[in-house]
Structure formats: C-alpha cells, structure tokens
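All remarks here apply to the structure that follows.
The values are calculated or read from the model by the stated rules, or taken from the named source; none is laboratory data. Because the structure is predicted, anything quoted here is derived from the model rather than measured. Virtual Cβ from ideal backbone geometry, glycine too; neighbours counted across all protein chains shown. Protein only, heavy atoms only, side chains kept; ligands, DNA and RNA dropped before computing areas. Shrake-Rupley method; radii C 1.70, N 1.55, O 1.52, S 1.80 Å.
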Amino acid sequence: MNPFDILKNLNMDSMKENLEKAQAELGTMEAVGSSGGNIVKITMNGRMEITRIQLDPICVDPRDIKMLEDLIVAAHHDAMSKIREQIKEKSGSLLGGMNVPGLGL
C-alpha cells in the first residue's frame, strides 16, 4: 500500500483535536516515584517535570550525602517509569497501537 494513500485517508482535524486533548491531559497526569522504602518521594507530571520532592528526615544524614543522592535518583527513575506507563496507556488509543520512534514509550 502506498503510504501517501494512508495520509489522504487521515482526518487531520480529528488528529489535531486528539493531539491538543492529549497535551492538555499531560499537565494533569501525575505519578509518584519512591525509593528507600518511601523515605524519598518524587512527584512528576506528564510533561516530565518534577513538581514535588518529599524527604523523610531520617534520610538526611550529613555524613552520608551520597546515599541521599542515590535515593533521589532512584525515586526520579521510578516516577519517570510510572509516568511513561500512564502516557503509554493514554496514547494507545490516540496512536492506534503504532510504535512511533522517538517517543520512548
């Protein structure tokens, strides 16, 4: 099948509307990643922006800054993984199951 035939059959207005809706939903999505048994928590939105960091005072030991740094990185990775999964679920209907290179989903 000719790829240009596929493009001709697409309803561009509907696609644009769906993309705008998806972008608006990204701002409202939220995921919390944690590490160290929830002593470090990072909240992230669908735009991959960190909106909150919560540290249990027990993890703040000035003699072990390296451990705290590692816990923050681990919580960030956990939040990224969770938000990507949410985006993947939401975008499945929009993309019709297509694997779009560069989205990292």
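Assorted remarks:
- Cβ-Cβ under 7 Å pairs, at least 6 apart or on other chains, segment 64-76 side within 18 Å of VAL32 (Cβ to Cβ), far side at pLDDT 95 or above and among the hydroxyl-bearing types (Ser, Thr, Tyr): LEU71/SER35; ALA74/SER35; ALA75/SER34; ALA75/SER35
- Filter result (open to solvent by less than 60 Å² (accessible area, probe 1.4 Å) and of a type in the set (A, V, I, L, M)) within segment 41-89: ILE42, MET44, LEU68, LEU71, ILE72, ALA74, ALA75, ALA79, MET80, ILE83, ILE87
- Filtered residue count, segment 41-63, keeping only those that are under 11 Å from the mean Cα position of the chain (by Cα) and free of Cβ contacts under 8 Å to residues at least 24 places away in the same chain: 2
- Scanning segment 12-37 for residues that are open to solvent by 60 Å² or more (accessible area, probe 1.4 Å) and farther than 23 Å from ILE87 by Cβ, we see that the one that is modelled with the lowest pLDDT is ASP13.
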